[in-house]
Amino acid sequence: MRVGVDRDRCCGAGQCVMSAPAVFDQSESDGLVLLRQGWAGSAVRGDVELAVALCPANAISVEDDAGKA
Amino acid sequence: MTGTHTDESTVTLPAARGACPFAPPPAYGEARRRSPVSPMSLWDGTAVWLVTGHQQMRTVLLDKRFSADARVPGFPFLSPGRKQLLTKATPSFLRLDDPEHSRLRRMLTGDFIVKRAEAQRPQIQRIVDEVLDRMTGHGSPADLVRDFALQVPSRVICLLLGVPYADHQFFESQTSALVDLSTPPEEIKAAMAELTGYLTRLAERKRREPDDSLLGRLVARGELDEAECAAMGMVLLVAGHETTANMIALGTLALLRHPEQMARLRAEPSLMKGAVEELMRYLSVVHFGLPRAALEDVEIDGTLIRAGEGVLCMLSEANRDEALFQDPERLDITRDARRHLAFGFGVHQCIGQPLARAEMQIALETLLRRLPGLRLAVPYEELEYRTDKAVYGVRELPVTW
Ligand code: HEM
Ligand code: SF4
């Protein structure tokens, strides 16, 4: 699936980094989300879905491989 | 202002707890089973909405039409003292809305990233070991609240802010006056003034003598005036001290009351991360409900909340919502509890959570490892609880080992 983040919405809570460290990172200067990779394979799919559910600011979006949300 | 609900099922807050000290007041669960958004009234008769469903709470806390600003009409106050405290001239970002909230919060987010909390583990471990050395050095019994649980987060926050250790005692007495709902308004005001004055002087000192502490770096940014710097220090102290302390103490008690799970955790320390999430869910120590006020009319799950009405998001109930947690009244350190809302939700979700998690994991792991004979020094039935405080917990926890 494709993964997108909205840094304007992000409040730096770090739930994404805890859930899917292979995909998400946080900037050391402003604490906001950074993408390590914009695409998540099946191995980390569950982790990314958890990150979407836990993100308190609705800042993560995913789109499955067929292109629909 | 709003009137009072006429519905006879109205719940008055704070409702009394039942027989189990770990469970929230039964009236909140009954309200949740009736409706995830239900009417209730406050100490002064003001009508507010009690939000108890997990999904509904996420919706409310994500919606910018609900304000966290205490100066907004309809904002629910939990006592006369809290009203005084929260309507002061310079609110911290906890009680501001975006964009002002996010401007201030983002000055700190870099200090609270997951990586930094992970890097601070050795320092936290050292603090925990020192505090435990001192406690055991005095011999048993000890009060685990005073001699351990309150010491650890206090020292961690002071380290973070760059508060000299000599001033820690002063901090503990002032911050406990602030969160005590029975403290008269004048005393709350006095404690606020003492702490704000101290932090303002500390900020001035760090402006002259820069250091690498959170407060030192905040001052060095040059974006904040003195009052804002003091407000930042205040919110970190108040928000991070008694919350973490009560989770450590009440968490220890919960494990002592579930000896088979405590034994399992001792044998398999790798379960600690998940166990802390479950303890957060099960205990939900921020127990009076997160306050918000509607800026516009909003419909939540079929209930119309009008502009100028208050809501209280009862975290303990979202954390017992059967839609998410099977058999929610049971402590189970092996369940996946990560969707709990004990740190809140939305843009105000706890900024200190990576640090709080590291503190709780290290404190509990160290206690279990170093004190294999840890047990209560008084009958369980004699323990008293912080039912009247903004952060729930056990008042004293006499233990031996
Ligand atoms: C187990 C311990 C803790 C618990 C249960 C806890 C709980 C919470 C909750 C529920 C909120 C949301 C309040 C709201 O939305 O109205 C919050 C916010 C906050 N917490 Fe924590 N907290 C803990 C530890 C800490 C620590 C260690 C710090 C800092 C050193 C901290 C700093 C803050 C701050 C600054 C906010 C306000 C964030 C904002 O408004 O954007 N907390 N906390
Ligand atoms: S979980 Fe959401 S708000 Fe938190 S850092 Fe990640 S993207 Fe930002």
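Note that the range B:330-384 shows a convex hull volume over its alpha carbon atoms of 149 Å³ per residue. Applying D = kT/(6 pi eta Rh) to the range B:11-400, where Rh is the Kirkwood radius over alpha-carbon pairs, T corresponds to 20 °C and eta to 1.002 mPa s, the Stokes-Einstein value obtained is 100 µm²/s.
Across the range B:290-298, coupling constants 3J(HN,Hα) worked out from phi with the 6.51/-1.76/1.60 Karplus curve, θ = phi - 60°, read 6, x, 9, 10, 6, 8, 9, 5, 9 Hz, and Gly and Pro carry x.
Straight Cα distances below 29 angstrom link B:Lys83 to the lysines B:Lys64, B:Lys189, B:Lys389, with same-chain residues fewer than 8 positions distant left out. For the pair A:Gln37 and B:Ala16, what calculated FRET efficiency results from E = 1/(1 + (r/R0)^6), where r is the Cβ-Cβ distance and R0 = 60 Å, to the nearest 0.05? The value I calculate is 0.70. Sorting the segments B:342-348, B:216-222, A:23-29 by their residues' average number of neighbouring beta-carbon atoms within 10 angstrom, most packed first, yields B:342-348, A:23-29, B:216-222. Evaluated with a Cβ-only charge set (Lys, Arg +1; Asp, Glu -1), chain B carries a dipole of roughly 800 debye about its Cα centre, given to the nearest 20. At most 16 other C-beta atoms within 10 Å and a DSSP loop state: those are the exposed GluC sites (Glu not before Pro) I care about. Give me the longest piece of chain B that has none. Answer - B:9-222. Computed over the protein assembly as shown, the P(r) tail beyond 35 angstrom holds 30 percent of alpha carbon pairs.
Where only DSSP H runs of four or more residues are counted, the protein assembly as shown gives -13000 deg cm²/dmol as its mean residue ellipticity at 222 nm, each run worth -39500 (n - 2.57). Can you give the FRET efficiency for B:Glu209 and A:Asp30, using 1/(1 + (r/R0)^6), R0 = 25 Å, r = Cβ-Cβ distance, to the nearest 0.05? According to the calculation, E is roughly 0.45.
For the range A:2-59, the orientation-averaged shadow of the C-alpha convex hull comes to 3.4 nm² (one quarter of the hull surface).
All distinct Cα pairs of the range B:250-401 go into the 1/r average, and the inverse of that average, the Kirkwood radius, is 17.2 Å. Charged neighbours of B:Asp327, selected by a Cβ distance under 14 Å, balance to -2 (K, R count +1; D, E count -1).
The relative contact order of chain B comes to 25 percent, based on Cα pairs under 8 Å that sit 6 or more residues apart.
Extension gain for B:Arg306 to B:Arg201 (0.36 nm times residue separation, less C-alpha to C-alpha distance): 33.5 nm.
Mean sequence separation of contacting Cα pairs (under 8 Å, at least six apart), scaled by the length of the range A:2-59, corresponds to a relative contact order of 44 percent.
Candidates A:Gly46, A:Cys11, A:Val23 compared by Cα position along the dipole of the range A:2-59: farthest toward the positive end lies A:Gly46, with charges placed on Cβ. Computed extension gain for B:Thr334 through B:Thr400, at 0.36 nm per residue and net of the alpha carbon distance, reaches 21.1 nm.
Only protein atoms count toward the accessible area here, which uses a 1.4 Å probe; on the range B:305-401, the carbon and sulfur part of that area reaches 46 percent. Computing FRET efficiency as 1/(1 + (r/R0)^6) for B:Tyr380 and B:Gln123, where r is the C-beta to C-beta distance and R0 is 35 Å, gives about 0.55. Taking the Cα centre of the protein assembly as shown as origin and assigning +1 to Lys and Arg Cβ atoms and -1 to Asp and Glu Cβ atoms, the resulting dipole is close to 580 debye. Label-to-label distance, A:Met1 versus B:Arg33, with points set 7 angstrom from Cα along the beta-carbon direction: 3.5 nm. Candidate membrane-span-like segments in chain B, meaning DSSP H helices with Cα atoms spread over at least 27 Å of their own axis and a Kyte-Doolittle mean of 0.0 or above, are B:226-256, with no membrane implied.
The values are calculated or read from the model by the stated rules, or taken from the named source; none is laboratory data. Being a predicted model, the structure only gives us computed values, none of them experimental. Glycine gets a Cβ as well: all are built from the backbone with ideal geometry, and neighbour counts include every protein chain shown. To get the accessible areas, we keep the full protein, side chains included, count just its heavy atoms, and leave off ligands, DNA and RNA. Shrake-Rupley method; radii C 1.70, N 1.55, O 1.52, S 1.80 Å.
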